[in-house]
Each structure stands twice: as structure tokens, then as C-alpha cells.
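Working notes, structure below.
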Amino acid sequence: MITYFDGGMGTMLNLKAGELPELLNINDPERVYAIHKAYADAGCNIISANTFGANRFKYDNVDEIVKSAVKNAKRTGKKVALDIGPTGKLLKPMGDLDFEECVDIFSDVVKAGRDEADLVLLETFGDLYEIKAAMLAVKENCDLPLIVSMIFDEKARLLTGADVRTACAVVEGLGADAIGFNCGLGPKQMIPLVEELEKHASIPILVMPNAGLPESVNGETIFNVDPDEFASYMTQIAKMGVSYLGGCCGTTPAHLKAMIEATKDIEDKVPEFKNETIVASYSKSVDLSDGAVIGERINPTGKKLMKEALRNKDMDYVLRQGITQSEAGAHILDVNMGLPEIDEKEMLCSGVYELQSVLPVPLQLDSGDAEAMEAALRLYNGKAMINSVNGKEKSMKEIFPLAKKYGGVVVCLCLDEDGIPSTAQGRIAIAKKIIKRAAEYGIDKKNLAVDALVMTISTDTNNAVETLNAVDYIRNTLGVNTVLGVSNISFGLPNREAVNTAFYTLAMSRGLSAGIINPNSRPMMNAFYSYKALAGKDESCQEYIKSAVDTEIVQKTENLDLKTAIIKGMKEESARCAKELLENTESLVIINDYIIPALDVVGDGFEKNTIFLPQLLMSADSAKAAFDEIKAHFVMSGAEQVKGEKIIIATVEGDIHDIGKNIVKVLLQNYGFDVMDLGKDVKCEKVLEEAQNNNVKLVGLSALMTTTVPNMEKTIKLLHDNTDAKVFVGGAVLTRDYAKMINADFYAKDAMESVRIAQEFFEE
């Protein structure tokens, strides 16, 4: 039968301004227990401890708060979930929170609650990187069952851009016991999300919607879905096949009671096992079964310039190689930093960090050093391709535990202690051994890609045939995806590209899933797109047509202009370009002809869902680097700096979540506005005071929690009554209609909309 979580603790507490919910576990435990009991009496099987926001950023006594909270929940006699929410901060490189510090913050909570809790619930997470940090904290500090619940928007995306398939791949790869959604949307709006998740998930599903959308009535926030309507929608969701149901904001014991009564006779259902072989970044995923191109250029083997760049720690060169390959059509980038004279661990981690700062493309981590591989896997944001393991016992003992812990698709090389077999049969035997050993570590064959290994035909004319026979058997008989370093086939031969192209086409026809190739080679990419079209794997030949139209494969990136550098999110390049331009170009020309147009391109992509938050912020940082050069130029020349129009932004009283507000700040500043950031938990009187003292005509207010929206309404009224300032509002709980109800002048659905509002307001 379906298992039932409880509902909206924050809603039921009806907090006063400035009142912290988790502190009530100590200061007013009976008030907390009464809510737990009401949900238990309604029929809920699992009670979530009042620990959602209990972290060191808010409290000095996390251990005491968590233990008290779990104790309060245990009094109901029900199973207790240690409830962990996000920190409220963005991780580097988007924000200022270090990944390992983030792991430590969550570890504090886990250690405090692990002895008495029955399971751990991570809920309302919108960033896959923070999810990874939290999951590692749980896995490294306890063995409790772990359920991960995320907050998606109406575009079916997380805050940092991941779609449902990508998020599912990463979370399952890291070892969640169940996965699902909560908050942000009502039950009706969550139905498409559940449908999509069922296509990709192989583990139990959890669904905990809000009681519809919030509305402001007489200064109080209410939700527009009553218990009966909530139960009706949740019945539809239950019949789709889930294991856990519950509620989030606005869901009272009455909502949960109605839901349980309506769904109690519906059998729970775990989704069917999926065979997708998914590699993912923080926002983008690739299914190897669909065919994939792995870019080979970030590898020092046989590449003098790459060797020199690695020796000099020249990450700009590495980034240019990554960008060029990505724009040429690579779906995955191989990242190899193996040079004897450098610190491979340091450079591999640096490469991963820098590449993921500017590109959403998934990475293949390529190293024979297990220590370097683990460090890079831990840092990696997504589900990496792991290159590689082989049939040697030492290799399997080193790599498979890493793959199990961090998730990933493991490249399996068909060699062992005796080297590379010359025959297909010999390589197949090694493949079978590796697949079997992987299973012993709990790694299914869907998370493997076997490399039958390409040997040059210049030394043995049968090498191509044997490799192709091995690929055919591994893919079509063993049912495992395959990968090959294609260009090895032609080593030592003239006109290598002709041989490579022919072999690549043959290999794909025999079952090659992913070729490691040079995507800047037009013939090789032509072979890829042509094969997919001919094999019926390209609907209406759309990919082929697009590739044929784009005859100019990619802009060369050795000499980027400022606009391109900003769009690509390359800070150092942006600063260099701006400095060069300042030698003979007016600063305002640089701003108006390069910086603003670049930001507009990125902003347009963000609004069209082709660019996501990480890329948006890295482009903003690159624009800032250019602005810093301009400011330095003003200082050196003694010229007066031109400041833009003043805007106040603040997170309203009682709300300490300032991620959204900080993103807005960055973008407004880079569009030239003079932003006064008042911070978080700002009293309405303070906002008024600053607006009056500085003659500010536009104010931006942010709120994440429904309980603090009344303070937003109060602040708006105070500003309207005492100034002529206009107010724009945003935040996860707000809608356009809700903004109108609280008398806001403008509603900003995202950070870019804030920029548009400001631009249009000051143009009038």
C-alpha cells in the first residue's frame, strides 16, 4: 500500500515575523508536537521532524535543535523522517559556498538525527550540486533509507536547469532509495512531472504538492485547493503508480486525511526498471543508446599545444578546446590531464571545475590514477562517464567502489593482466568478466560502456574486423553499450581521416554507441549525422539537416572578441578583451556595443530555456570582469565614473533565503544599474528609510516562504504611502496574480525579467 508523509508544517505553525520554526522544537515543543499529532491522527505513516532549515547558517545549536525535533516527532509513535532542506546558498562557481563545506553542513544535521530517525528526507532542493552534497553527507554518516524530493518549476526544470531525466539519472546514480517532487506546484501541475519521472525512474516515487497556488486575503496567505479537490488530484497521481504521497505548503491535516481516505485502497507501484545509459552534467543528459560523440581534444597524448597548456596551467586553452568541441557537436567531452611532470589530481579537478563553469556538456573523466579519479568524481556536478576500468583485479577493486558511490557510466576496457587479446573472442571474454564483477559491486550493465579497443590496421590487417566483431557481440548479444577511440585505427597511415571516417561508419552499423573522435573534423561529423539518418535514428532527418545547413562548424576561439567571451562565460578572456579595447575605444561604446548585447543574448537564451542559471551567472561574472577593467581605466585616467540608476533590493522580514535576490543583484549590476542590496530578513521600515534617504524610484522585494509574503505586502504599502517608488517582486511562492493581490507594481518571474522591468521603467 501507499505510504503517507505529513503536510505543511510551516503553514500550520502560522509563524510571526522573525519567528524561526526550528527553534520552536526547544522553546515551544508542545506547539510542534500538536501539529505532528494532528497529521498522525489524520492517518500519516511518516512524520517529518521540524528540522527543514536547521543548519549552521541559521543556528549555533544545530545538534540540540535536531535532537529535540526528532524527539518531538517520535512522540507520535509513527516513523520519523529527518527532514533536511537546502542551505539557501548557491555553491561555487555560481555562488560562494564551497562544496565540501556544504557536505559538512549537512553532515551536522545527519549526525545529530541519525540515531533516532527512521529515514532521511531531502526536500525542496532545486540544485543538483547541492543535492549531491546532501546525499554524500547522508551516505557517509548513516545507513538510513534516503528519499530525495526536488522542486521543479512549471517548465519542468530545477533552478539550475536540470530536466526530470537529468535529475533522475544523477539522484539514482548517487544511490537514492526513492525520488520525487514537493513544493512549488499544486497537485494538478505536478501530474506532467510524475508522468515524465515514470519514464526514467527505476526506484519508488514520492509526490508532495502544495495545496494549489497561494493567494493573499486580508493580509494572510491562503491556498486555493481545498481538501476534497486535493484528494481528487492525488487520486489521479496515486493511480499513475507511486509509493509515497504527502503534502507541502498549505496542506493541513484535513488535506492529508481526505487524500488518505481517497487513495488508501490503491496499490503502491514501483516503476519498471529502465535500461537507459545516461551521462549527465548539472543541466544536460545524454543517453548513449541514442548515439553520442565524445570529443577527444582535451587530452595531451600526441598534442604539443595541450601538453604545454597543462604544464603552464593554462585553463583558458582547455576551455577553448571544450567550447570548440561543444559547438562542433560533441555530446560529451573527454577530459584527460595525464602528464608525468604535473600534478594530475590537481589539474583534473581544475579542469572539471573550469569546464563545468562555462559548459553544460557532460564530461568523461579520463585517468589511470584512482586517487585523481575519486577527487574529480567527488567534485563533478552530475553523472560522469568514468574512463576507465579494465579486466585487471586491481583496476576493478579501485574503480567499481568509486562508481558505486558517486554514480557514473564506467568505460570498460577489454584488456587484462595478459594485455589486449588479438581476437574478438578474447575481448568478449574480458568484457563478460568485467560485467559480472560490476554486478557484484551493485553496478548494473546499463551503467557500463565497453571499449573493445581499436588497434591500428597498419600492424595487422585483421584489427578492424576483430574490433567490429567484438562491438557487435557486446552491443547486440550482451546488451551493453559500447565506446571506441576511433582514430587509433589509422595510426601510421597517410590520409588518416579517410580511414577514420570509413571505420567510424562501419562501427556504428555494428553497434557502436559512442565514438571518441575529433568533432572539429567535418568528415567525421558528417559520418555521424549521415549514419543516424540512414539507420532511422534521426526523425525526419532533423539532426542531419541542421548539421548540413551549419556548414561553418564553429567559430575559432583562439581570438575571441569581448561579446563572445562574455557569452561563453570566460572571465579572463573577457578582461583581456576589454583591456585591449580600452586602448582605442570609448568605455561607453564598449558597454553599449559589446557588454550589453552579450548579456542580452544570454538573457534571451535563458528566457527561451536554451541557457540555464549556471551559464547565466558565469556570463554575468565575465561581464563583471570586463566592467572591472573599465572601472580601473576610469581610476587611472582620473575620469568621472558614470553610475546607473539606483535600485534597492531586499529579502523581506522573516525570510532568510536570498539566492534569488543575489542572482537579481548580479544581473542588474552588470546591466549598469547602481544596486543597493539591503540583504535578507529586512524590516519594512528599513526599506522605506533607505528609499527615502537615497531617493530611490524602484525597489525589488524577494520572498521564498509563504509565511513572509504578508511582510512583502506590508512593505509595498509602506512604500506606496510614503514615496513615489515602484516595486517589483519575485520569489518561489509568488505568481503574477499573487503579486497583483499584494499591490506590487511589477512581477518578475525570474532574474532576467527583473532586468527587463528596470530597463523599461527607467526608459519611460
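The values are calculated or read from the model by the stated rules, or taken from the named source; none is laboratory data. Computed from a predicted model, the values in this text were never measured in an experiment. Using ideal geometry, Cβ is built from the backbone for each residue, glycine included, and neighbour counts are taken over all protein chains shown.
Is it fair to say I222 is more than 25 Å from the chain's Cα centre (by Cα), outside any helix (DSSP H, G or I) and not polar (S, T, N, Q)? Against the criterion (more than 25 Å from the chain's Cα centre (by Cα), outside any helix (DSSP H, G or I) and not polar (S, T, N, Q)), I222 qualifies. Can you name every residue in the stretch 399-416 that is within 25 Å of V171 (Cβ to Cβ) and not in a strand (DSSP E or B)? Across the stretch 399-416, the qualifying residues are I399, F400, P401, L402, A403, K404, K405, Y406, G407, G408. Screening G492, G515, G479 for residues that are under 21 Å from A438 (Cβ atoms), out of contact with any Pro (no Cβ under 7 Å at 6 or more places or on another chain) and either assigned to a loop (DSSP other than H, G, I, E, B) or modelled with pLDDT of 95 or more (or both) leaves exactly one candidate, G479.
Yes or no, residue by residue, for (1) of a type outside the set (V, I, T); (2) part of a loop (DSSP other than H, G, I, E, B); (3) surrounded by fewer than 22 Cβ atoms within 10 Å (Cβ to Cβ); (4) over 36 Å from the mean Cα position of the chain (by Cα):
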residue	(1), (2), (3), (4)
K686	yes, no, yes, no
Q692	yes, no, yes, yes
L734	yes, yes, no, no
K740	yes, no, yes, no
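Remark: pairs (first residue in the stretch 205-228, over 15 Å from M705 (Cβ atoms) and acidic (D, E); second residue modelled with pLDDT of 95 or more and surrounded by 14 or more Cβ atoms within 10 Å (Cβ to Cβ); Cβ separation under 7 Å; 6+ apart in sequence or on different chains) = D228/A258. Restricting attention to the stretch 711-732, the residues that are outside any helix (DSSP H, G or I) and either among the aliphatic types (A, V, I, L, M) or over 23 Å from N693 (Cα atoms) (or both) add up to 6.
When the stretch 717-744 is filtered for residues that are free of Cβ contacts under 8 Å to residues at least 24 places away in the same chain and touching a strand residue (DSSP E or B) at 6+ places or on another chain (Cβ under 8 Å), the ones remaining, listed by number, are H720, R736, A739, K740. Looking at (1) in a helix (DSSP H, G or I); (2) closer than 29 Å to T482 by Cβ, which one does N387 not meet, given that it meets all the others? It fails just one condition, (1). Screening L478, L484 for residues that are under 30 Å from H200 (Cα atoms) and touching a Gly at 6+ places or on another chain (Cβ under 8 Å) leaves exactly one candidate, L484.
In the stretch 559-599, the qualifying residues are those that are without any contact (Cβ under 8 Å) to a residue 24 or more places away in the chain and exposed (fewer than 14 other Cβ atoms within 10 Å of the Cβ), and the one that is nearest to the chain's Cα centre (by Cα) is N559.
Considering only residues in the stretch 153-178 that are part of a loop (DSSP other than H, G, I, E, B) and under 9 Å from the mean Cα position of the chain (by Cα), the one that is surrounded by the fewest Cβ atoms within 10 Å (Cβ to Cβ) turns out to be D163.
Taking the stretch 517-540 as the range and being basic (K, R) and either under 14 Å from F503 (Cβ atoms) or in contact (Cβ under 8 Å) with a residue 60 or more places away in the chain (or both) as the test, the residues that pass are K532, K537. Of the helices (runs of 4 or more DSSP H) lying entirely inside the stretch 1-99, the ones with 3 or more residues being of a type in the set (D, E, K, R) and in contact (Cβ under 8 Å) with a residue 24 or more places away in the chain are found at 62-74. Take the residues in the stretch 1-46 that are among the hydroxyl-bearing types (S, T, Y) and modelled with pLDDT of 95 or more; name whichever of them is farthest from V682 (Cα to Cα). Residue satisfying both the conditions and the ranking: T3. Considering the conditions (1) touching a strand residue (DSSP E or B) at 6+ places or on another chain (Cβ under 9 Å); (2) of a type outside the set (G, A, S); (3) surrounded by fewer than 23 Cβ atoms within 10 Å (Cβ to Cβ); (4) more than 23 Å from F400 (Cβ to Cβ), M150 is excluded by exactly one of them, (3). None of K446, K432 is in contact (Cβ under 8 Å) with a residue 40 or more places away in the chain, surrounded by fewer than 18 Cβ atoms within 10 Å (Cβ to Cβ) and assigned to a helix (DSSP H, G or I) except K432. Can you pull out the residues in the stretch 714-732 that are of a type outside the set (A, V, I, L, M, F, W, C) and either under 25 Å from L159 (Cβ atoms) or buried (at least 23 other Cβ atoms within 10 Å of the Cβ) (or both)? Hits for the stretch 714-732 are T715, G730, G731.
Only residues that are under 19 Å from T124 (Cα atoms) and either in contact with a Leu (Cβ under 9 Å, 6 or more places away or on another chain) or among the charged types (D, E, K, R) (or both) were counted in the stretch 4-35, giving 7.
Determine, yes or no, whether L379 is surrounded by fewer than 22 Cβ atoms within 10 Å (Cβ to Cβ) and either under 18 Å from A438 (Cα atoms) or of a type in the set (K, R) (or both). Spelling it out, it is not the case that L379 is surrounded by fewer than 22 Cβ atoms within 10 Å (Cβ to Cβ) and either under 18 Å from A438 (Cα atoms) or of a type in the set (K, R) (or both). Among the residues of the stretch 41-100, those identified as under 23 Å from T252 (Cα atoms), among the charged types (D, E, K, R) and in contact with a strand residue (DSSP E or B) (Cβ under 6 Å, 6 or more places away or on another chain) are K74, K78, K79, D83. Of everything listed in (1) in a loop (DSSP other than H, G, I, E, B); (2) in contact (Cβ under 8 Å) with a residue 60 or more places away in the chain; (3) within 20 Å of A578 (Cβ to Cβ), the single unmet condition for L668 is (1). Checked against (1) surrounded by 15 or more Cβ atoms within 10 Å (Cβ to Cβ); (2) touching an Asp or Glu at 6+ places or on another chain (Cβ under 8 Å), T423 passes all but condition (1).
Looking only at residues of the stretch 543-571 that are modelled with pLDDT under 90 and among the polar types (S, T, N, Q), we find that the one that is nearest to Y317 (Cα to Cα) is T557. Please specify each residue of the stretch 727-745 satisfying the condition of being more than 19 Å from G672 (Cβ to Cβ) and at pLDDT 95 or above. Within the stretch 727-745, V727, V729, A744, D745 meet the criteria.
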